[in-house]
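The structure under discussion appears below in the form of structure tokens.
No lab work stands behind these numbers, since they all come straight from the coordinates. Only a predicted model underlies this, so the values are computations on that prediction, with no experimental measurement involved. Because the Cβ atoms are built from the backbone with ideal geometry, glycine has one as well, and the counts that use them run over all protein chains shown.
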Amino acid sequence: MAALPRGARHLRAAGPAPTERGGLRLGRPVIRRLPFAYLVTAAVLPLLLLALLAGRLTLGAAPAPLIGSAAPDFALADLDGNPVRLADLRGRPVIVNFWASYCASCVEEFPLLKTAMTQHRADGLAVVGIVFQDRSEAARAFMARMQATWPAAMDVTGEVAQSYGVFAPPESFFIDRQGRVAGRQIGELSRGDLTRQLGLIIGKE
């Protein structure tokens, strides 16, 4: 085997030269580093989402600050333009139910509210629905489909939901005859939940 010239040995030891393929010169891959701001955002965003979720779950388990306090009054218009005022219901037990047509849990909840109204008609039970971030056309169709007969008020500005601390539907407040919030249900009402909450406002003068 013939000896390679000194220059040739030097090139061989340095490794293979870049090759060309399809007119493109191929060499070592270039690794681009992401900007520091992107890395920080990618690290912090999941933590923020977890914190928000934890806050929502904690809110559902913690005592509601409205319990025992006067229910925030409101004056809204229902889907037919008729006035709906909480103050007009003073002296009656009231369920204020925040709902929306896109809320799957509300579909399960409405029949329970209908039954409660029938069973406690003699007790003067009133149900007031507050439409949460929804269109009036969709809300009207939902009420018709569920054959709900109680007033559904449009909270156009969202001020009523804010005064009650509502983040998402469904959420219900049980108001006694004196206008105080006796119970709060965050999330869907079960039959047992409804019975327990009604016990706080029915039959109590």
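Mind putting a number on the dipole of region 92-198 about its Cα centre? Charges go on the C-beta only, +1 for Lys and Arg and -1 for Asp and Glu, and I need it in Debye to the nearest 20.
Here the size comes out at about 340 debye.
Residues in region 89-116, backbone N under 13 Å from the label point at residue 135 (7 Å along the Cα-to-beta-carbon vector): list them, ranges by number please.
101-102
Starting from the 7 Å offset along Cα-to-Cβ, what nm value, one decimal, do you get for the label separation of residue 168 and residue 119?
2.9 nm
Between residue 193 and residue 149, what is the label-to-label distance in nm when each label sits 7 Å out along the Cα-to-Cβ direction?
2.5 nm
Would you list the P(r) distribution for region 92-198, with all Cα-Cα distances sorted into 5 Å bins from 0 and each bin expressed as a whole %?
2, 13, 26, 27, 20, 10, 2
Taking every DSSP beta bridge that has both residues in region 92-198, what percent is antiparallel when rounded to the nearest 5?
Here the share of antiparallel DSSP bridges comes out near 55 percent.
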